[in-house]
Amino acid sequence: MGNIFTEITVIICLAAFFAVIFRTLKQPIILAYILTGIIIGPFGFFNFANKDVLQLMAQFGITLLLFMVGLELKFSDLKSVGRVSLITGIGQIVFTSLIGYFICLALGFSSITSLYVSIALTFSSTIIIVKLLSDKRDLHSLYGRISVGFLLVQDFFAILLLILLSGFNPTAASGQAGSGQVLFSVDFLSTLAKAAILFGGIIYLSRTLLPKVVDIIAHSQEALLLFSLAWAFGLASLVSSEAIGFSIEIGGFLAGLSLANSTENFQIASKVRSLRDFFITIFFVILGMNLTFNNIGVILLPSLILSVFVLIGNPIIVMVIMGIMGYRKRTSFLAGLTVAQISEFSLIIIFLGNKIGHLSTEIVTLITVVGIITFTFSTYMIVFGNKLYLFLAPFLSLFERKHTKKDEIVQSEKNMENLKGHVVLVGADQMGQSILETLEELNREVVVVDFDPGIVKRLKEKNIHIIFGDISDLDIQEKAQLDKAQLVISTIPDIEDNLLLLKELNHENKRTKILVMALDSHDARVLYKEGADYVVLPHLAGGRQIAKLLGSNLDNIPALKAKDLAYL
């Protein structure tokens, strides 16, 4: 083509087209970008003449990605992940890398290639998992919190690995890449010393000078964005200079880390995010363009074997570790599903390995194919995790200790054996809290079911009937005594859980009245069709509440405001 504007336009248009399709299929948008690159590159539909410029833009993308990681990832966060997340995260990294290493050796890869590939298989995509858990409203569930915790541990290890890679300088000829015979002129002590000085300096600046500078600049939104970009790219250039010798990516991460303690870090992140998304699109497109399918027959079998290991082996490793620690099979299973794919970090590490001469282009293609396969299948595994668990539950007892300790069904000290005609409230956060207060004022016997440990602890202290768990679990349904309840209210918007609840009540107790919540009219129609007595639509309920307020004495507004502020 020759015209860089036209080439970027083609990339953006194709990426946008495929992004809409993959979004409809509930697949990660990364796949759309890689497919765009494959169509442009290996399939040869377009002949781009400005690949060097695009490579430079891809470099900006990686730098901004790691700048955002540093901005949102504080080392102090590692203290908050909890013992189970720390042990599970480290254990999964160790066992996945060891098993993956021997699988790669068995497939005929060299030692250095096996090491890279096995490490790439250990990391899972924090961005994708958090998005999927948020969509399912499971981010604050027990398994959701544990999953986010050990994904955070993975991110820290990935950053440490990138720092280590920054100290490697291949001295062998390029023809030796991936052969296992690459020699390294690396002084590990010097690398560690420089890393310690860099991190020490960044931590010092982040606690002293930079927060004050950012506070002054933050009065102008444009100046704040420009300062953030200048700091990110400037530090990245400094760190990658010959005198220091680290990679540009590490410079971007350190720049973000240095601003993480400022009060404006979230504001900076929101402003940089769109720019990062644009440039990282170019990176994944370039990754797709550089794939080679000449030896697809050679890499097809290894990519399938490694994909199966990630999709099945990684979850099993997590289930075994959590089972040993005393977690029930459902929590272990759902947490295990979150590691059934590789990460953006995996692709970046393999990309850097190829860039510095350690890996061949075929290995980049291999891991990208593994990424495509695992991204695709793991997304559906997580979205339909509850149904998958119900199907596999009889076979998962192997991963559960006879006497669980950590997440056994927790309930209040009040006797629940003789309950009859009670109300079961599923979800006691936000809307559920208001409903619970009203039911208490009416002196109704209430059993609350919630999977948020914080809510469970608070209600248990108030001596309310509380069961910790997910209502889709048959054990939880039995403990809540659904068959004897007069009214069941579900404030969770997950249509799968609500449909399972309706199915169970229609089978066990058809006399029970059931109120459920839905986020849109389509889900509401489905729930009514399946037998719901009333479906709460938040936007309708909110509109009616405002209409009722306007029709009454407006002098009541201060009292209502005070009540809401007390809740907030």
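Here are the numbers for the structure shown:
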{"read-out": "Cα-based Rg / Dmax (Å) for segment 300-345", "value": "11.9, 39"}
{"read-out": "Value of Rg to Rh for segment 252-407 (Rh from inverse mean 1/r over Cα pairs, i.e. Kirkwood)", "value": "1.07"}
{"read-out": "For segment 264-332, diffusion coefficient by Stokes-Einstein and Kirkwood Rh (Cα), 37 °C, 0.692 mPa s, µm²/s", "value": "201"}
{"read-out": "Convex hull projection area averaged over all views, segment 418-548, Cα basis, nm²", "value": "8.0"}
{"read-out": "When each of Lys479/Lys513; Lys131/Lys271; Lys136/Lys457; Lys329/Lys387; Lys131/Lys529 is checked by Cα-Cα distance, pairs over 26 Å", "value": "Lys131/Lys529"}
{"read-out": "Å² per residue, accessible surface of the chain at 1.4 Å", "value": "47"}
{"read-out": "Mean Cβ neighbour count within 10 Å, used as a protection proxy, ranking 354-364, 278-288, 103-113 highest first", "value": "278-288, 354-364, 103-113"}
{"read-out": "Crossing angle, helix 126-135 versus the chain [Cα axis fit, 0-90 degrees, rounded to tens]", "value": "20"}
{"read-out": "Peptide ranges 251-260, 513-522 listed from the most packed, as the mean C-beta count within 10 angstrom indicates", "value": "251-260, 513-522"}
{"read-out": "Accessible area of the chain belonging to carbon and sulfur atoms, whole % at 1.4 Å probe", "value": "63"}
{"read-out": "Ellipticity estimate at 222 nm from DSSP helix runs (n ≥ 4, -39,500 (n - 2.57)) divided over the chain, nearest 500", "value": "-20500 deg cm²/dmol"}
{"read-out": "Part-to-part distance (alpha-carbon centres) for segment 5-74 and segment 322-391, which is given in Å", "value": "21"}
{"read-out": "Equivalent ellipsoid semi-axes - Cα gyration tensor, the chain, angstrom", "value": "46, 29, 24"}
{"read-out": "Stretch gain in nm, segment Ile546-Leu304, where the contour uses 0.36 nm per residue and the Cα spacing is subtracted", "value": "81.5 nm"}
{"read-out": "Gain upon complete extension [Gln430, Phe377; 0.36 nm per residue less C-alpha separation]", "value": "15.7 nm"}
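The values are calculated or read from the model by the stated rules, or taken from the named source; none is laboratory data. Quick caveat: nothing in here was measured; it's all calculated off a predicted structure. Heads up, the Cβs are rebuilt from the backbone with ideal geometry, glycines too, and the neighbour counts pull from every protein chain shown. Note: areas computed on protein heavy atoms with side chains; ligands, DNA, RNA excluded. Shrake-Rupley method; radii C 1.70, N 1.55, O 1.52, S 1.80 Å.
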